[in-house]
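Step one of this worksheet: look at the structure below.
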Amino acid sequence: MGCRLIFAIAIWLMACMVAPERGTAQSRSFRLGAPDALAETGFLKYLLPRFSLKTGIRIELVGEGEAAEVVLSATRDGTAVFSGLGRTWTLKVEDAGNDHAMRFRNWLTGDIGRRTIDSFEADGEQLFTASIAEEKDTGPVVLSGNAAEGEKLAVLHCGRCHSVNEATRLTTIGSTPSFAVMRGFSDWQVRFEAFFVLNPHPSFTIIDGVTEPFDITRPPPIVPLQLTLDELEAILAFVSRIEPADLGAPIQYQ
């Protein structure tokens with residue numbers, strides 16, 4: 001009887017040693033994507049360790065556009081969590097089934113997280129606040145500038161890849177999104193204003209007075225696209241007047 005009991009206890013101990021602990025199926029960490037402008041303030045280095053200290057959940061900070069379970073951005077795509085740097089910042093959890101990511105969102109919008117946001121200072125100045133002013137919908141954004149000239153410039157410079165208008169619909173690269181499709185993105189204005197830093201544009205684009213000239217040892221792979229800021233303003237004026245494409249469902253994009 002004693003031997004059987006000892007044997008049973010030994011089997012139970014071995015099972016405990018090899019059985020996975022409950023809750024370890026999901027790593028106690030997640031990746032948070034944020035733009036450089038936000039990371040460079042030091043705010044996230046102040047905020048994230050305080051959450052980790054409280055919960056034991058580690059957050060890996062990655063750059064904007066990198067694979068991440070949670071994304072902080074200045075678009076309206078997500079939950080508004082704080083204001084600062086002249087904009088409202090939103091947080092989007094890519095996988096609602098990620099318990100750790102959802103816990104971070106709940107902490108950030110709760111009392112402790114809000115107090116932590118408000119307590120961050122740089123050089124004695126409060127940069128961010130958890131108080132978010134209610135934004136009023138003022139209708140479609142229409143940018144100033146010569147829209148007619150902007151359409152001509154867009155056809156000339158962008159029409160070799162993108163469908164800019166009906167006249168260029170069948171003369172462009174089919175894998176590139178049209179201006180009408182991109183106009184439907186929630187962050188279309190930011191994308192168009194900063195297109196020259198978004199791949200693949202930097203390899204062949206020069207904006208006078210903004211970008212550096214090409215390295216003579218590494219010439220552009222195609223005929224360069226060169227614009228002045230006035231010309232870019234005209235293109236933006238044209239784009240702001242384009243009717244967004246109706247695709248019949250929320251647009252999914254990378």
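The values are calculated or read from the model by the stated rules, or taken from the named source; none is laboratory data. Only a predicted model underlies this, so the values are computations on that prediction, with no experimental measurement involved. Positions of Cβ are backbone-derived with ideal geometry, glycine not excepted, and every protein chain shown enters the neighbour counts.
If the requirement is being among the aromatic types (Phe, Trp, Tyr) and touching a strand residue (DSSP E or B) at 6+ places or on another chain (Cβ under 6 Å), which of these qualifies: 196, 192, 179?
Going through 196, 192, 179 in turn, the sole match is 196.
On the basis of being out of contact with any Gly (no Cβ under 9 Å at 6 or more places or on another chain), touching a residue at least 40 places away in the same chain (Cβ under 8 Å) and acidic (Asp, Glu), does residue 151 make the cut?
Yes, satisfied.
Scan the stretch 139-147 and give yes if some residue there is at pLDDT 90 or above, over 22 Å from the mean Cα position of the chain (by Cα) and surrounded by 11 or more Cβ atoms within 10 Å (Cβ to Cβ), otherwise no.
Checked against the condition, which is being at pLDDT 90 or above, over 22 Å from the mean Cα position of the chain (by Cα) and surrounded by 11 or more Cβ atoms within 10 Å (Cβ to Cβ), the stretch 139-147 yields at least one hit.
Being among the β-branched types (Val, Ile, Thr) and surrounded by fewer than 18 Cβ atoms within 10 Å (Cβ to Cβ): is that true of residue 242 here?
Criteria not met by residue 242.
Which residue out of 54, 92 is farther than 28 Å from residue 236 by Cα and of a type in the set (Lys, Arg)?
54
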